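Notes follow the structure.
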Amino acid sequence: MAILSYIEAVTHTLREEMKRDPRVFLLGEDVGVRGGVFRATQGLIEEFGEERVIDSPLTESAIVGVSIGAAAYGLRPVAEIQFADFILPAVNQIISEAAKIRYRSNNDWHVPLVIRAPYGGGVHGALYHSQSMERIFAGNPGLKIVAPATPYDVKGLLTSAIRDEDPVLFFEHKRLYRSVKGEVPEQEYTLPIGKGDIKREGSDITVISYGLTLHYVLQAAESLAKEGISTHVFDLMTLYPLDKEGIIEAAAKTGKVLIVHEDHKEGGIGGEVSAVIAEEALFDLDAPIKRLGGPSIPAMPYSPPLEKFYMLNPDKIAQAMRELAYF
């Protein structure tokens, strides 16, 4: 089994799906000759040609608009938004068009489109290259939002996203691109969109997370195990629609729940996860549901000390977990 980095898993999966299905093509800013600003599409234009790996103008609304039209006519576009922060000019296309075409046409039209978007901070990208944008789209029926944390999950979920008949937003935390490696089977496989995964079994507290902070949670759990605190860790993997059954089972497992994500605590995915637990598993709880997220300031600072203050880390998460365990 190959050991791939997170970004190598992205490239591997794109290549595999382009070989399998000639309808799959890539478009975005610098995805061709340059191979993408993070090199996720490096080498693919040489392998598949400029008609299937298309360098677009610096116009996110056009990237998404062209993709919607191509998908409606039977192709399988995989659009790259260079940084998730830049997706805002395309929000109208995504929410008003891609998400609603199947409904408004009574199933006559649908949009098998994937939009890849590198998100998140901790890379000294400052305010326009570090944002978490997933909550903008969560809660819009017609869209699916995926945020894998491991190379194995990247391949399984990206394959599923490309083969999906409806639009999928695929959020990749750029801090994970080269910092995380893992085993990735060479054969094709898919993972179900809409299902979470238990990343660690435990009995004292439950921590629910996704993306970069999932790795910090696992590090904190390892540390707290030495203090006698056993942590159950649930990876959401899909942010919309949520795996409600998996969330409820994870909450009931220990009765004490902490939800952790990098995005702002206020209005973040954690609020919806908390509501699911409150509605469906209230009487399984032994403590109030806790959330740990980014601070309520407008943007990620450029200053290294301030960025460090903004970002979560294993120590901050371990302290929140410890307080919950001793509630």
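For the range 51-86, run through the chymotrypsin sites (Phe, Trp or Tyr not before Pro) and keep only the ones in DSSP coil with at most 14 other Cβ atoms within 10 Å of their Cβ. Could you put the intermediate results ahead of the total?
Working: sites: Tyr73, Phe83, Phe86; in loops: Tyr73, Phe83.
Taking the range 51-86 and a limit of 14 other Cβ atoms within 10 Å, the loop chymotrypsin sites (Phe, Trp or Tyr not before Pro) found are Tyr73.
How large is ³J(HN,Hα), in whole Hz, for each residue of the range 115-121 in order, when computed from phi with the Karplus curve 6.51 cos²θ - 1.76 cosθ + 1.60 and θ = phi - 60°, using x for Gly and Pro?
10, 8, 9, x, 10, x, x
Please find the FRET efficiency linking Lys19 to Tyr326, where r is the Cβ-Cβ separation and R0 is fixed at 45 Å, and quote it to the nearest 0.05. Write out the running numbers ahead of the final one.
Working: r = 53 Å, r/R0 = 1.18.
It comes to 0.25.
Give me the accessible area of Lys308, 1.4 Å probe, in Å² rounded to the nearest 10.
The accessible area of Lys308 comes to roughly 150 Å².
Can you compute the modelled spin-label distance between Glu201 and Asp108, with each label point 7 Å from Cα toward Cβ, in nm?
Simple spin-label model gives 5.3 nm for this pair.
Past the 31 Å Cα-Cα mark, which pairs from Lys19/Lys244; Lys253/Lys308; Lys244/Lys265?
Lys19/Lys244; Lys253/Lys308
What percentage of the solvent-accessible surface of the chain, computed with a 1.4 Å probe over protein heavy atoms, is contributed by carbon and sulfur atoms?
With neighbouring chains kept in place, the figure for the chain is 53 percent.
Using a basic spin-label model with each label point 7 Å from the Cα along Cα→Cβ, how many nm lie between His124 and Ile3?
Each label point lies 7 Å from its Cα, and together they span 2.7 nm.
Got a sec? What order do Ser179, Ser5 fall in by accessible area at 1.4 Å, biggest, i.e. largest, first? Could you put the intermediate results ahead of the total?
On the way: Ser179 80, Ser5 5 Å².
Largest accessible area first, the list is Ser179, Ser5.
Based on the Cβ-Cβ distance of Glu47 and Lys100, what FRET efficiency does E = 1/(1 + (r/R0)^6) give at R0 = 41 Å, to the nearest 0.05? Mind showing how you got there, number by number?
Numbers: r = 35 Å, r/R0 = 0.86.
Once the sixth-power term is evaluated, E becomes 0.70.
Between the range 156-201 and the range 48-81, what is the separation of their alpha carbon centroids in Å?
Result: 21 Å between the Cα centres.
For the range 144-241, which trypsin sites (Lys or Arg not before Pro) are in a loop by DSSP, counting at most 11 other Cβ atoms within 10 Å? All intermediate terms of the calculation are to be shown ahead of the outcome.
Working: sites: Lys144, Lys155, Arg163, Lys174, Arg175, Arg178, Lys181, Lys195, Lys199, Arg200, Lys226; in loops: Arg178, Lys195, Lys226.
Counting only loop positions with at most 11 other Cβ atoms within 10 Å, the trypsin sites (Lys or Arg not before Pro) in the range 144-241 are Lys226.
Only residues of the range 235-259 count here: report those whose backbone N is under 19 Å from the spot 7 Å along Cα→Cβ of Ser179, or say none.
Label zone hits: 235-237.
Within the chain, which is the longest segment containing none of the GluC sites (Glu not before Pro) that sit in a DSSP loop and have at most 14 other Cβ atoms within 10 Å?
Details: sites that count: Glu50, Glu51, Glu165, Glu186, Glu188, Glu201, Glu227, Glu266.
It runs 52-164.
According to the square roots a ≥ b ≥ c of the eigenvalues of the Cα gyration tensor, what is the shape class of the range 54-124, taking rounded for a/c under 1.5, prolate for a/b larger than b/c otherwise, and oblate for the remainder?
Values: a/c = 2.36, a/b = 1.85, b/c = 1.27.
Prolate.
Check which residues have an amide H placed less than 5 Å from Val180's amide H, if you skip close sequence neighbours.
Tyr6
Under the rule of at least 5 residues apart or a separate chain, name every residue whose amide H is placed under 5 Å from the amide H of Gly121.
none
Just one of [x] 20.1, 62; [y] 19.5, 59; [z] 22.7, 82 is Rg and Dmax of the Cα atoms in Å as worked out from the coordinates here. Which one is it?
[y]
The values are calculated or read from the model by the stated rules, or taken from the named source; none is laboratory data. Keep in mind the model is a prediction, meaning the values are calculated, not measured. Cβ sites come from the backbone with ideal geometry, for glycine too, and all protein chains shown count toward neighbours. SASA here: full protein model, heavy atoms, side chains in, ligands and nucleic acids out. Shrake-Rupley method; radii C 1.70, N 1.55, O 1.52, S 1.80 Å.
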